[in-house]
Amino acid sequence: MYTERVAPMTKNKRPMTILVTGGCGFIGSNFVRFMLEAYPQYSIVNLDKLTYAGNLENLEDIEGNPSYQFVKGDICDRSLVGSIVRERKVNAIVNVAAESHVDRSILGPDIFVETNVGGTNVLLDVARECMIERFVQISTDEVYGSLGSTGAFAETTPLHPNSPYAASKASADLLALAYHHTFGLPVVITRCSNNYGPHQFPEKLIPLMIARALENKEVPVYGDGQNVRDWLYVGDHCRAIDLVLHKGKAGNVYNIGGNNEWKNIDIVRLVLKKLDKPESLITFVKDRPGHDRRYAIDASKISRELGWQPSISFDDGIAQTLSWYLAHESWWRRIISGEYQHYYRNMYEER
C-alpha cells in the first residue's frame, strides 16, 4: 500500500507521461489528440492491440509528433505493460481499451471477460507495483442497467448490468475500486453516456445509419425503435476525462452525460433528414436479447465538483459528425468491407 503522491493531480507545467490504452479506437484516438493539443509538454504512449475497431489511420496526422509514441500490444500482456510503464516512466494510466459493442458480447462473451476484466486487472497490478500517480478507468452508463420512463443514473445507483459487455465493465470498475480501497491505488472511474463523433466504428448507431443511408441501403432499427439513450459529443467527453485525470478525487466515480435524451428511431429519422434520404429506408428488425430500454445520466457531481458542462450542442455535434463522415468516405468504406460485412449480415440481415 502507498500514499498517493499527487492528490489530486494539478494542471501544472510539470512534464508527464501518460499511458493511454486503446488509443487507436474511437474515444481513445480523440482523447490522445485532445491531450497532445492541450498539453504539448506531456508525452503520450498509446498501447493498442489493433483489433477490428483499432485503426492507426485515426491518428495518422500525429504520427510525427515527438511527444507521441504508439506500441502495438495487448493490455493482458503483463510483461509488456510493465516494461512500458517502467522504461517510459509513466505517471498516469488512462484505460480506454475495451471490447465495447453489446451485440458482439452476445455473440461471444469470452473476449469481453478476458480483455475488460483480465486486462484491467493487469493494468491495476502494474500501476500498483510502479506507484502510478493516477489511474483513470473509463467505464459506461450500461453498468447501471435499464431505467424506466423517469429518473437518471447517479454515481450511487446500484450496478445492475444486463449484457455480457456491461457485466465485464462493471466487474472492471469493482476491481479498480477494490485496488483503491485495499492498496491505496489512486483510481478514478468515469461512466459516460453514448458517445458520437468522428472516427467512430460503423457498427454503432449513428455511423451505421450514416453509412447505410449514404449507400441508399436499408437502415436497420432494433425492435420498435423506442429505446432511449443520452448522447454526448466525444470532444466533450475528452474534456471531462482531462478534468477527472487532473482534479478528480481518488476512489470516486464521475458520471459524464450530455443531458440529451433521444429515442433511437428519432436519431435515425434525424440522420436521414440531414442527409436528405427517405424514411422508407428504415427497416425494423428483431430486437437484440436483453436490450435495455432507457439510459439517462445525472452528471451533476462532475459539474458541481469539477466545473464540467457539455459545450457542444447536439445540433452542432451532429452537423460536425455528418460533415466528417461525408469528408472521410474512403475511411468508412474501407472499414465496412470484408469481415464487417459478415458481421453485419449476422446481426441484421439474418434477423
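What the table below lists for this structure:
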item	result
Trypsin sites (Lys or Arg not before Pro) restricted to the stretch 281-345 and DSSP loop, no more than 11 other C-beta within 10 Å	286
Neighbour-count ranking [beta-carbon atoms within 10 angstrom, fewest first] of 112, 183	183, 112
Derived scalar couplings ³J(HN,Hα) [the stretch 70-87; Karplus, 6.51 cos²θ - 1.76 cosθ + 1.60; whole Hz; x for Gly, Pro]	9, 10, 7, x, 9, 5, 7, 8, 4, 5, 5, 4, x, 5, 4, 5, 6, 5
Those residues of the stretch 22-52 whose amide nitrogen sits under 17 Å from the label point placed on residue 320, 7 Å along Cα→Cβ	26-39
Exposure proxy ranking, count of Cβ atoms within 10 Å, fewest first, for 52, 68, 254	52, 68, 254
Theoretical FRET efficiency, 1/(1+(r/R0)^6), r = Cβ-Cβ of residue 263 and residue 88, R0 41 Å, to 0.05	0.35
Between helix 26-38 and the chain: long-axis angle, C-alpha atoms, 0 to 90°, nearest 10	50 degrees
FRET efficiency estimate (nearest 0.05) - Cβ-Cβ, residue 79 to residue 280, R0 56 angstrom	0.55
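Bear in mind these aren't lab numbers, they're just calculated from the coordinates by the rules spelled out. Everything quoted here is computed from the prediction, not taken from an experiment. A quick note on method: Cβ atoms are made from the backbone with ideal geometry, for glycine too, and the neighbour counts reach across all protein chains shown.
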